[in-house]
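First comes the structure, then the notes that go with it.
The values are calculated or read from the model by the stated rules, or taken from the named source; none is laboratory data. What you see is a predicted model, and the numbers here were worked out from it, not measured in a lab. Positions of Cβ are generated from backbone atoms using ideal geometry, with glycine treated the same way; all protein chains shown enter the neighbour counts. Just so you know, the surface numbers come from the protein's heavy atoms only, side chains and all, with ligands and any DNA or RNA stripped out. Shrake-Rupley method; radii C 1.70, N 1.55, O 1.52, S 1.80 Å.
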Amino acid sequence: IAKRSMARSIKARALPHRVKPLILAGVLIICFICFLNFFSNNFTSILQASNNVFITGRSKYSPKRCPFKLSFYVYDDLPQEFTTDIEQHFTNQTMLQSGNWDDLHTEHTFVQLFRSSPCRTDDASRADIFVVPYMHLSDCMITSTLHGGYGPGCRQINPEKMQRLFDYLGGKEAYTSHSERHLFLTMYNDFMMRKEMTELPLRIMSSPQDHYRPGYIVVPLANLSPEFQPSKLLNQSDDWWTRPRKYAFSAYYGGMNPKMNRKQPRRFRNYFFDSLDKREKLQKQQQRMMENNKTATGFQGYSFDPPKNKEKLQKQQQQKMSNNTATNTTAATLGGMPYATGFLEKSRTNKTVDAYDAYQNSIFCPILPGDMPFARRVFDVIFHGCLPVFMKWPSKNGEGKSWHVPHGHEVK
């Protein structure tokens, strides 16, 4: 009896040790269920937040949903000579050999945006706009690099190729019914493109051009550098935009175009730099005159032997001027601040300075004429926090203003 009662007592005391793991397991299960419920709710919120990455004005929208009442169809079945044969050069050395053409990169960027846009439809019957992903400028530039020669009218592309493009489109019901709603990429001056591309009703183009009419979609040139992307610029603080500057202004430009005559638009760059040279010489002369006047004033009032002192004074002045000419490294100033200028091949004021660094440390940046009216420099200087300064001339029609050349393209 004693053994039985002792065994029962031991069994009774051991019972809680068996119950405790069960209780603990139950608590863990309950906690895990609560965690899953909490995580699922928050994970849904995280996904919703991550989808709202596109911002337009005050509204946010998902990249999977088109924010506009617009749909477009992209001709992905365009013949290879108008798509793949051209686009493959953006992944090899041909583009580097032909130069870093901003127009080409802009064309390529637009093609990729159209292909990946949530506003795209695969049903041509539902499309408002029909995109023809033929990069005409890229074709002109790459063909000129591979086969030599590039000139007005893009003559290196033969008319038969252009005819094949429009024959292909002519076989599409959408083109025969809605040719006016077909969008083409024409990212260069009309003077340098095939005539077939300049007479299209709906075009994406750089600005400004010789003429405007309804259906011209004007865009800036793209800069693919990371520091120029909107996400980077939007994160810049107010202190960055209003920070103190080192230079009053900076102007860095390429030299004259050897393929153009002496009356080319770039000549105004030489006029600008020549005027700066004259101004710098005048400042140096005025500085020397002030120093010489101070030196001469210091010898006035002496009572001993004027002829000898006069000769000594002249020698001192000549020595002073000689020393100034040899050692004066002080840059000319504007408003009490130095400025940085030069041709991109060789800086006039500092051979080691970088053009972008100079823009970032300048208050003003003159926009001087180039070969074409449009220029990426306008956006480069703005994105570096520098105020662009435009030249102003009467425009071609005499009614507006031109920033390119006298009687040139009107600014729009």
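List of remarks:
- When all protein chains stay in place and ligands, DNA and RNA are ignored, the 1.4 Å accessible-area order of F228, F268, F191, largest first, is F191, F268, F228.
- Rounded, prolate or oblate (a/c below 1.5 giving rounded, otherwise prolate when a/b exceeds b/c) for the stretch 115-254 by Cα gyration tensor: oblate
- For the pair E227 and D128 in one chain, pulling the backbone fully straight at 0.36 nm per residue adds 32.1 nm over the alpha carbon distance.
- Restricting the stretch 200-275 to trypsin sites (Lys or Arg not before Pro) in coil, as DSSP defines it, with at most 11 other Cβ within 10 Å: K259, R262, K263
- Less than 5 angstrom separates the built amide H of M256 from none of the residues sequence-distant by 5 or more or on a different chain.
- Calculated accessible area for the stretch 102-229 comes out at 44 Å² per residue, all protein chains present (probe 1.4 Å; ligands, DNA, RNA ignored).
- Potential lengthening of the chain between S237 and V389 amounts to 52.4 nm, from the contour at 0.36 nm per residue minus the alpha-carbon distance.
- FRET efficiency, L282 to L344 (Cβ-Cβ, R0 25 Å, nearest 0.05): 0.40
- Vicinal HN-Hα couplings computed from phi for the stretch 124-139 (Karplus, 6.51 cos²θ - 1.76 cosθ + 1.60; Hz; Gly/Pro x): 4, 5, 9, 7, 8, 10, 10, 8, 9, x, 9, 8, 5, 4, 4, 4
- Rounded, prolate or oblate (a/c below 1.5 giving rounded, otherwise prolate when a/b exceeds b/c) for the stretch 176-299 by Cα gyration tensor: oblate
- Highest average packing first - 102-110, 80-88, Cβ atoms within 10 Å: 102-110, 80-88
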